[in-house]
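Everything on this sheet refers to the single structure shown next.
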Amino acid sequence: MPSPLLTPVVDGLGYPESPRWHAGRIWCTDFLSRTVQSFGPDGSRAVHGYLPGQPSGLGFGTDGQPLVVSVYDRKLIRFENDSPRIAADIAPFANSPLNDMAVSESGTAYIGVLGLETAYLPHTEIGSGRVVAVSADGECRIAATDLGVPNGIAIAPDGRHLIVAETRGRRLTEFRIADDGSLADRCEFADCGDRMPDGITIDAAGAVWMGCPFSSEFVRVERGGRVLETIPVPGKWAIACVFGGPDLDQLWCATAQTTRDELFRGKAAGFLEVCTPATPGARLPGRE
């Protein structure tokens, strides 16, 4: 089966991260402009806020309000009518800057802690990565440890399992979400071989699409690691992806033209691109 072709829809971004579909719009954060943005089907752009601590992971609370990870000051920020406020201070639970996030049906935010000195230089490892769980009322706890640079995080369509992309570990790791929001029954979902996974999303068949920046491709893998499809993006980093559109049949992909050195110097040209794969996404319980 031929791979779907990506069509660029949004340009003019710096380094787009954590694409999310919400309320009929595609949302993302931008490392370089340090903004949270969304885009309508007609291409209309809205800037929802600026975070000096650099936004990364993006999600939505049970009331639909945006939740954003602030990387370097290690906080979870809630936007109310585009006005930011601190929802949780994660610094006491984080040994390093933060990264991506997934939000469960109950409003618990699962936030990756890199285990790196900065978000740009993977060789500056200073400790093992972890996942911090933040409840809807702002209570924090360490939910998982000993992760090899946790990057993309996604909740399975059943709402009861969570998958973490370990970039340094070159694997996808799965946890069961217990009734109290803790993570249990850790197991390997897929060995990624030489690929280094970044942002991920899960389709209706339970397969994972993962962005692989350094090999310039989006890859669909099933449990056990067999590769089902690839979408190459030559000359770009394949950063992250998410299902969107009214029927969740569109795969929205964040890409950027950059290198590690250029990104460290704040230079990148980012895009949001879209295609229609054969298998659509699945709605999470309690979500639109």
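The values are calculated or read from the model by the stated rules, or taken from the named source; none is laboratory data. Keep in mind that this is a model prediction, so the values were computed, not measured. Glycine gets a Cβ as well: all are built from the backbone with ideal geometry, and neighbour counts include every protein chain shown.
Of all residues in the range 15-34 being of a type in the set (Ser, Thr, Tyr) and in a loop (DSSP other than H, G, I, E, B), which is farthest from the chain's Cα centre (by Cα)? Going through the qualifying residues, I end up with SER33. In the range 157-168 there is no residue that is surrounded by fewer than 23 Cβ atoms within 10 Å (Cβ to Cβ), modelled with pLDDT under 95 and under 14 Å from ALA190 (Cβ atoms). Identify, from the list VAL221, VAL227, VAL233, the residue that is surrounded by fewer than 16 Cβ atoms within 10 Å (Cβ to Cβ) and at pLDDT 95 or above. Selected residue: VAL227, the only one of VAL221, VAL227, VAL233 that is surrounded by fewer than 16 Cβ atoms within 10 Å (Cβ to Cβ) and at pLDDT 95 or above.
Okay, residues lined up against (1) in contact with a strand residue (DSSP E or B) (Cβ under 8 Å, 6 or more places away or on another chain); (2) charged (D, E, K, R); (3) part of a loop (DSSP other than H, G, I, E, B); (4) crowded, with 19+ Cβ neighbours inside 10 Å:
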{"residue": "ILE86", "(1), (2), (3), (4)": "yes, no, no, no"}
{"residue": "PRO92", "(1), (2), (3), (4)": "yes, no, no, no"}
{"residue": "ASN95", "(1), (2), (3), (4)": "yes, no, yes, no"}
{"residue": "ASN99", "(1), (2), (3), (4)": "yes, no, no, yes"}
{"residue": "ALA102", "(1), (2), (3), (4)": "yes, no, no, yes"}
{"residue": "SER106", "(1), (2), (3), (4)": "no, no, yes, no"}
{"residue": "TYR110", "(1), (2), (3), (4)": "yes, no, no, yes"}
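Taking THR35, is it farther than 19 Å from GLY107 by Cβ, crowded, with 23+ Cβ neighbours inside 10 Å and polar (S, T, N, Q)? For THR35, the condition - farther than 19 Å from GLY107 by Cβ, crowded, with 23+ Cβ neighbours inside 10 Å and polar (S, T, N, Q) - is not met.
For the range 118-141, the set of residues classified as surrounded by fewer than 16 Cβ atoms within 10 Å (Cβ to Cβ), within 30 Å of ALA178 (Cα to Cα) and modelled with pLDDT under 65 consists of ILE126 only. Taking the range 35-84 as the region of interest, the strands (runs of 3 or more DSSP E) fully inside it that hold 1 or more residues being small (Gly, Ala, Ser) are 35-39, 45-50, 55-60, 66-70. Scanning the range 205-255 for residues that are out of contact with any helix residue (DSSP H, G or I) (no Cβ under 8 Å at 6 or more places or on another chain), within 23 Å of PRO150 (Cβ to Cβ) and small (Gly, Ala, Ser) yields a total of 9.
ASP11: at negative phi, among the acidic types (Asp, Glu) and in contact with a Phe, Trp or Tyr (Cβ under 6 Å, 6 or more places away or on another chain), yes or no? When the stated conditions are applied, ASP11 passes them.
Surrounded by 21 or more Cβ atoms within 10 Å (Cβ to Cβ) and either farther than 30 Å from ASP137 by Cβ or free of Cβ contacts under 8 Å to residues at least 40 places away in the same chain (or both): does that describe PRO246? It is false that PRO246 is surrounded by 21 or more Cβ atoms within 10 Å (Cβ to Cβ) and either farther than 30 Å from ASP137 by Cβ or free of Cβ contacts under 8 Å to residues at least 40 places away in the same chain (or both). When the range 3-32 is limited to residues that are buried (at least 21 other Cβ atoms within 10 Å of the Cβ) and of a type in the set (S, T, N, Q), the one that is farthest from ASP100 (Cα to Cα) turns out to be THR29. For the range 90-117, a residue qualifies if it is farther than 12 Å from ALA133 by Cβ and touching a residue at least 24 places away in the same chain (Cβ under 8 Å), and the qualifying residues are PRO92, ALA94, ASN95, SER96, PRO97, LEU98, ASN99, ASP100, GLU105, LEU114, GLY115, LEU116. Within the range 48-57, does at least one residue satisfy the condition of being out of contact with any Ser or Thr (no Cβ under 8 Å at 6 or more places or on another chain) and within 23 Å of ILE200 (Cα to Cα)? No, the conditions are met nowhere in the range 48-57.
In the set (1) in contact with a Gly (Cβ under 8 Å, 6 or more places away or on another chain); (2) farther than 26 Å from ARG141 by Cα; (3) at pLDDT 95 or above; (4) of a type outside the set (Asp, Glu), the condition left unmet by GLY40 is number (3). Against the definition (more than 15 Å from the chain's Cα centre (by Cα), on the phi < 0 side of the Ramachandran plot, part of a loop (DSSP other than H, G, I, E, B) and surrounded by fewer than 21 Cβ atoms within 10 Å (Cβ to Cβ)), how does ALA184 come out, yes or no? Taking the combined requirement at face value, the residue does not satisfy it.
Here is a check on your reading of the model: is ILE86 at pLDDT 95 or above and under 18 Å from THR201 (Cα atoms)? Criteria not met by ILE86.
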